Each structure stands twice: as structure tokens, then as C-alpha cells.
């Protein structure tokens, strides 16, 4: 499977070396001022396991890796898709099952307790939600959450922020709080009565600390120092492209991902990891691009651009159209999408020679078409602006 020369939008071959061809690029959510990066070069590899594995295909369609448990699922799935990796899979499972179970148990307990706190506090806070500078603790006070895990009592402090306010990066913020009056975040405070703070990865660090202390002869204090040094020494992995998702926080999973990336688990495992990371890195750009109707619409637009030859020039901002009457129009993306339910507008048209913008709207009667169809109609209308001016009153006759 090769990633070279195939546009992620129209699925046609191109030679730019970027993820999108020059025709699709301006319409695929890319900021026109953003520096473009070339698609990372991967050698052509045989990925029969990748293409035939329903487990793997369902995994890479998910919206990215979110926490340590999801990273564990990803690593296990990679090993299941690679022949002769049973030993790696067994070793990984043996080393991480307890750790991942601890994390799952903590997350489940926190979610349940936060739900109860939010339900109790929502009525009181709703009366004061319009006060911008109000500290929520002035109304509901402080609270803590306690979790019993094996022989350990973990006490988390609960912090509240107004919905939409910035949450400190060091804290753990449970998902699924859209219906709450406030956003709740947590930070570890004590384990078995010992005061403790972690700068990040609250849940993962606690789980790994318990694993380390319960399975070694080290003192609790020395285990805490080991954990703090691990968190401080965690490094990024350079996949060769921008990757905004958080890498594993625990030493065990981070080491496993690093070993796969460095080829220590075989070439195919590394290729599967790279393909998946690239898929996740491009999700925001490609997730909405995979509808068959949209793909066909941009193939249609591409064909029209090629048929009109020198009269249409793809540019970084959009498309430059020279009409049969000698006018020159620039079509580019705008920041607004829908004026109302009956109008579709995601472009602006600029007449180059007169330095004026031309307002062209489209009445959408019932069915909203894919964006490539609207652009194709716009290109054809501007190309033959002599005929189109009879229908589009904003074009000069």
C-alpha cells in the first residue's frame, strides 16, 4: 500500500507530493496561510493483513487514540494483524493487563461519582451561571473523590470551572460533561494518607505507581520518585508528520509504542502503526471527505478544470477562471457556509481586472449538492460569462 500521488479528496493521482491535489487543496479545510507539508514517504508495502482484518479497519475508523486503554487496544490489534507476533502479544498482555484494568476501574469510579456531584450541584449553580467572575466553590464548597483500588485509598481533589473556561493541563477532566452546569477536573492529593502531586497524567501515573509499588520491594516514596522521573523523561516520537494526539503516559505503553516505531517488533508492525498515526493525524481533514458523493463531485470538478485547459488555473487560494469575454475571476473559499436553509455559499468571486467582488448565490431547491458540484457549476458559469450574465444579474453583461 503506497501513500504517494493519491489525493485524499478526489482519490485521483497527482504529482504535488501533498495530501491533496492542487484542485482540491483550497477546499479541504487547509488555511491558505499554513505551510504545507509533504506527505511522509512510505515505501510500498504489502498490507494484506491490514486490508483483510476487520478488527484493524474498525479500529482505524475510530476518532483517534484518547487514553491509555485505547493505546492498549491499538497495540494489541497491531499484534493480532501481524504474523509471528504471538510472543509479543502475550508479553504485552502480561505486562499491561493489570495496569489497564486499574485505569479502567479508576475512570469508571470517577465518572460515577462526578455524575452524582453534578446532579446535586446543578440546581444550585443554575441560579448563578450568569455571574462571570463567580467562584463556584463559593456556592458548593470543595469536595473530594475517594477510590479504593486493591489495598490503596486514592483521594482526588475536585476542581470546578465554568463551561468553556480553560482547564489546567495537569488535571484529569472526564469526558461526557456536556450536560453539566460546570466542568469538573481532578488532581491526585493523597494515596494511603501520603501527600502526592503529579504534574500531568493523573490517572495513568496513579495506576502505574500502584503497579510499581505492589509488585516490587521498593518503598512507596522511592516509587513516587521513579514515577515523577518517568513523567519528566517522556519524549515525543517523531512520526514524520504533525501528530496532535497525546502519546501514552505510562512508561510501559510508551516503551511498547517506541519499540514498534523503531522496528523492534517487525517491519509490518511499524508500518501499521505509521499508517494508523497518519490516519489519526489527518482525521479532521479527511473524515468529512470520504463520502462517495463528495469524492465524485471533486472528480467532476477536476475533469472540467482539465477540459477547459488554460482558461482555468488552480491556485493556492482556489481557482482562477479566464472567461471567453476576457474577464478574469478568482474563486476562493470563504469563512461562512450557510446563509440559511435555502442557500449554500462557501465561496467568494473576485474579478481581478476591476478589483471587485461578485456576489453569486445558489438557490438550493430541496437537495443540497456536494461542494464539488457547486464549484463545477460556478467555473462553467464564469467561463461563459456572456451567456451566464442573462441568468446571473451580478455579472456584467
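Could you check, for region 209-231, whether at least one of its residues is closer than 29 Å to residue 270 by Cα and touching a residue at least 40 places away in the same chain (Cβ under 8 Å)? Scanning region 209-231 turns up at least one residue that is closer than 29 Å to residue 270 by Cα and touching a residue at least 40 places away in the same chain (Cβ under 8 Å).
This table checks each residue for (1) under 28 Å from the mean Cα position of the chain (by Cα); (2) under 22 Å from residue 316 (Cβ atoms); (3) at pLDDT below 85.
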| residue | (1), (2), (3) |
| --- | --- |
| 332 | yes, yes, no |
| 340 | no, no, yes |
| 344 | yes, no, yes |
| 348 | no, yes, no |
| 360 | no, yes, yes |
| 363 | no, no, yes |
| 366 | no, no, yes |
| 371 | yes, yes, no |
| 377 | no, no, no |
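A count restricted to region 225-243 and to residues that are part of a loop (DSSP other than H, G, I, E, B) and touching a helix residue (DSSP H, G or I) at 6+ places or on another chain (Cβ under 7 Å) stands at 6. Considering only region 146-169, state which residues are surrounded by 13 or more Cβ atoms within 10 Å (Cβ to Cβ) and either more than 21 Å from residue 211 (Cβ to Cβ) or outside the structural domain of residue 193 (by TED's automatic domain parsing) (or both). Once the filter is applied, which keeps residues that are surrounded by 13 or more Cβ atoms within 10 Å (Cβ to Cβ) and either more than 21 Å from residue 211 (Cβ to Cβ) or outside the structural domain of residue 193 (by TED's automatic domain parsing) (or both), region 146-169 yields 157, 158, 159, 160, 161, 162, 167.
Being surrounded by fewer than 17 Cβ atoms within 10 Å (Cβ to Cβ), in a helix (DSSP H, G or I) and more than 22 Å from the chain's Cα centre (by Cα) is the filter here, so list the residues in region 250-268 that pass it.
Passing the criteria: 255, 259, 267.
Among the residues of region 370-391, those that are in a loop (DSSP other than H, G, I, E, B) and surrounded by fewer than 18 Cβ atoms within 10 Å (Cβ to Cβ) comprise 384, 389, 390, 391.
The values are calculated or read from the model by the stated rules, or taken from the named source; none is laboratory data. Since the model is a prediction, treat every value here as computed from it, not as a measurement. Every residue, glycine as well, gets a Cβ built from its backbone with ideal geometry; the counts of neighbours run over all protein chains shown.
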